[in-house]
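Please read the structure below before turning to the comments.
The values are calculated or read from the model by the stated rules, or taken from the named source; none is laboratory data. The structure displayed is predicted, hence computed values, not measured ones. Quick reminder, even Gly has a Cβ in these numbers, built from the backbone with ideal geometry, and neighbours come from all protein chains shown.
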Amino acid sequence: MMVEPAHQPPGNPALRGRYLLSPDVVLIPLEDGTVQLVDLDGSFFGLSETAARMLKGTLDMGEQNAVQQIAAEYNVDHDRLYTDLTTLLGILRAKGLIRRSDDHLPVVRLRRAIALAISYPILRVVAPVCNQRLKALALLAAARLCFALAGWARTVEAWQGCLKRPHGPAANSEREQLIDRIDSATRRSASELPSIACKERALCCWFMLNSAGIPARLVLGVRFLPFSGHCWCEVDERILTDSPECCKAYTPVICYDG
């Protein structure tokens, strides 16, 4: 199960007034028909099979169309179903898990601006540094600051925008050695800084590898009962910045390429 980062085109008339997931929220369908709404900054909210059907219908086709389809399919009262849906959407909106496409989002825009303001100058200065340890230290500190001030989605978006490809990828003979050096530098540097977690390590390694011409993926996984999230970096089938055994306990739900 993999969910790609959702991007809604701004100003799309067809989406005006429609409900959308909030920028940091991922909808994860489970095998029993229920869903989990996961806030990438740390919380989650479970929905029953019926509530999941109503929400997914609303996101896909709008409130009225969703109510008409579900009411006809299950032969239930249209007005009662609409009332239940309105209540559900109100709860999810109050929790910040969904929004309307025409909502004003000054906080989201501010956090995106903060992420760009922090990331752009730091990443441009750090990019030419040859010493992998120094580069990793600077990137880990920058990642920690960005996550604290701007959250997951805006930070990753900003770092993707700052990623600059080299003129050519690393030669095959150097590729594995370079991967090892970057992975080692990230792990060792992370142990020397306070409050560095898996997401900072993964983002740092992902950025360094892609900057060196090695396509890498930034992967976010979750597990339930109890709920927890984990993040790591991958090159091909190789897991970096963490142990493969630890990462296997998590189901990947979102992946960012370089």
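Tallying residues that are of a type in the set (Val, Ile, Thr) and either outside the structural domain of PRO128 (by TED's automatic domain parsing) or in contact (Cβ under 8 Å) with a residue 60 or more places away in the chain (or both) within the range 207-242 yields 1. Any idea how many residues of the range 99-158 are of a type in the set (S, T, N, Q) and at pLDDT 85 or above? Matching residues across the range 99-158 total 3.
Please verify whether the range 70-82 includes one or more residues that are in a helix (DSSP H, G or I), of a type in the set (Gly, Ala, Ser), within 22 Å of the chain's Cα centre (by Cα) and not assigned by TED's automatic domain parsing to the domain that holds SER228. Checking the range 70-82: not a single residue is in a helix (DSSP H, G or I), of a type in the set (Gly, Ala, Ser), within 22 Å of the chain's Cα centre (by Cα) and not assigned by TED's automatic domain parsing to the domain that holds SER228.
In the range 136-161, of all residues being charged (D, E, K, R) and more than 14 Å from ALA202 (Cα to Cα), the one that is surrounded by the most Cβ atoms within 10 Å (Cβ to Cβ) corresponds to ARG154.
Yes/no per residue for (1) crowded, with 16+ Cβ neighbours inside 10 Å; (2) within 18 Å of LEU92 (Cβ to Cβ):
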{"position": "ARG18", "(1), (2)": "yes, yes"}
{"position": "ASP24", "(1), (2)": "yes, yes"}
{"position": "LEU27", "(1), (2)": "yes, yes"}
{"position": "VAL38", "(1), (2)": "yes, yes"}
{"position": "PHE45", "(1), (2)": "no, yes"}
{"position": "LEU55", "(1), (2)": "yes, yes"}
{"position": "MET61", "(1), (2)": "no, yes"}
{"position": "ALA72", "(1), (2)": "no, no"}
{"position": "HIS78", "(1), (2)": "no, no"}
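Where strands (runs of 3 or more DSSP E) sit wholly within the range 19-68, none has at least 2 residues that are in contact with a helix residue (DSSP H, G or I) (Cβ under 9 Å, 6 or more places away or on another chain) and modelled with pLDDT of 95 or more.
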